[in-house]
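A.B. asks: I am attaching a structure below and will ask some questions about it afterwards.
The values are calculated or read from the model by the stated rules, or taken from the named source; none is laboratory data. Bear in mind the structure is a predicted one, so any value in this text is a computation, not a measurement. Cβ: placed from backbone, ideal geometry, glycine included. Neighbour counts: every protein chain shown. What goes into the accessible areas is simple: the full protein's heavy atoms, side chains included, and nothing from ligands, DNA or RNA. Shrake-Rupley method; radii C 1.70, N 1.55, O 1.52, S 1.80 Å.
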Amino acid sequence: MKSYLSGVAAGIQPRKFAGILAIWTVTLLYVLFQGGKTSFMLFIMVSVLILYLIIGAIGGVRRAKGTRSLHSEQDKPELLYAGGYLRVKLQVNIPGFLPLPYVVVREILKRHNGESWVFEESLIPSLRGHGELQFQTPALERGSYSFERTDILAEDIFGLVEHKGTFKAEGQFRVLPRAVFVQRWQLYERRSRLAGLQTSLLNSRRETTQINGVRDYVYGDRMSRIHWNATAKTGQWKSKEFEHESVPKTILVLDGSADSYSSSSQFELAVSVAASLLGYGIRDRIGIGLCCLDRTTKVFVPAESAAERHKMVQYLIDINAEGRGPLVPKLEQSHRMFPKGAYFVLISPQSGQPVLDILRWAESRGMTPAHIRVQNQAAAGGREWADVLRSRGITGYSVHSLQDLPAVLGGDAAV
């Protein structure tokens, strides 16, 4: 009984609790010293009120439970990309037989970097204590998210006691980096006027005459590519898929130094560039790997499988620009993971001597270096830096926004 009374006292404001206790004491003394029906009935009414408060503290929202379900635009939360949102459905069950006019539900959504959002909505439960709450998250950025505890708040009909319950409903999800479709990359094309001197010695990414399978029709496919049997069977346009000639492997090197980026949006652009190029490598069956130079160095060897690409993209979800110090020593520690003859593509906002040292290190290891410089919209000097790289026979690109990436890589925009 003492714990119940302490629970009631915890939910009542000190002044209100002192007032209720004083009223009950006065009515008790009134019965003892005055007697009579009036004093007795008044004492019973105040005692019933206190009993009501105790019962509300014992059960009700303090023993509330709930389950959560998440739904995205495609009803696949595991494929949610940055900029999307989730619809959250929370089923709440409040035990007890005392009716509640309404309850307030408070949710806390936390991101892996410490950011948090608070959602607070009112809910009118049914007579059996069941209720459903639906709300929508704001546009979410790349990262891992989880819902913290859920608080249920309610007051009695007199407004004297605030009951509070807490439960944990599972709700974790991950938001993939933004990515765009890259149709072509001049780095793999022979005699590219922007790809540097070294590409004249490399094979282009040409298709052979060997059919490797059937794929969905893509706008622009020639009539000779149409697979008529598959089209007739499925009722949808299908095209022949041909094997490609082999090309050198590629490894993307993402600069995760804290001092390299002037804003978080610039780092997000670098991560999105890496995610877009990983998608390009899988679609064109290019052996592509990833090296993240963050607080720790993580290297994924070049691979063509979608499973390996999935691991790389999943790693990009939680990465932050927390690296310190020069990048060459970090690369040297993992030099055995870099295959000779591969393309070494550095994604970094840096320029000048630090980048030249990195690219020179890649050349000394038998790799062909290239640099994708991510810049803010207001930044200048991209063309000058590209000229410096071109004079050394190195491919260089400058990207100001993710939407410009396909045009820049394809040679349809200035670099």
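A.B. asks: For Lys238, Lys37, what's the largest-to-smallest order of accessible area, 1.4 Å probe? Display every interim value, and only then the final one.
C.D. replies: Details: Lys238 35, Lys37 170 Å².
Order by accessible area, largest first: Lys37, Lys238.
A.B. asks: Note down the accessible area of Val214, probe 1.4 Å, to the nearest 10 Å².
C.D. replies: 80
A.B. asks: Next question. What does the charge count around Ser122 come to, taking other residues whose C-beta lies under 12 Å from its C-beta (Lys +1, Arg +1, Asp -1, Glu -1)? It would help to have the intermediate numbers written out before the result.
C.D. replies: Values: positive: Arg106; negative: Glu120, Glu121, Glu155.
Around Ser122, the charge tally is -2.
A.B. asks: I would also like to ask the following. Identify, among Ala370, Gln266, His335, the residue whose Cα sits farthest towards the positive end of the charge dipole of segment 265-415, taking +1 on the Cβ of Lys and Arg and -1 on the Cβ of Asp and Glu, with the dipole about the Cα centre.
C.D. replies: Positive-most Cα among the choices belongs to His335.
A.B. asks: Can you give the accessible area of Asp284, probe radius 1.4 Å, in Å² rounded to 10?
C.D. replies: Here the accessible area works out near 40 Å².
A.B. asks: How would you classify segment 268-415 from its alpha-carbon gyration tensor, with a ≥ b ≥ c the square roots of the eigenvalues: rounded for a/c under 1.5, else prolate if a/b is greater than b/c, otherwise oblate? Spell out each step's value before the answer.
C.D. replies: Values: a/c = 1.36, a/b = 1.16, b/c = 1.18.
Verdict is rounded for segment 268-415.
A.B. asks: For the pair Glu332/Arg149, report the inter-label distance in nm, with labels modelled 7 Å from Cα in the Cβ direction.
C.D. replies: In this crude spin-label approximation the distance works out to 5.1 nm.
A.B. asks: Here is a follow-up. If eta is 1.567 mPa s and T is 4 °C, what Stokes-Einstein diffusion coefficient results for segment 230-353, Kirkwood Rh from Cα pairs, in µm²/s? Mind dumping the intermediate values first?
C.D. replies: Values: Rh = 15.8 Å.
For these conditions, the coefficient is 82 µm²/s.
A.B. asks: Need one value: the accessible area of Phe173 in square angstrom, 1.4 angstrom probe, rounded to the nearest 10.
C.D. replies: The accessible area comes out at roughly 10 Å².
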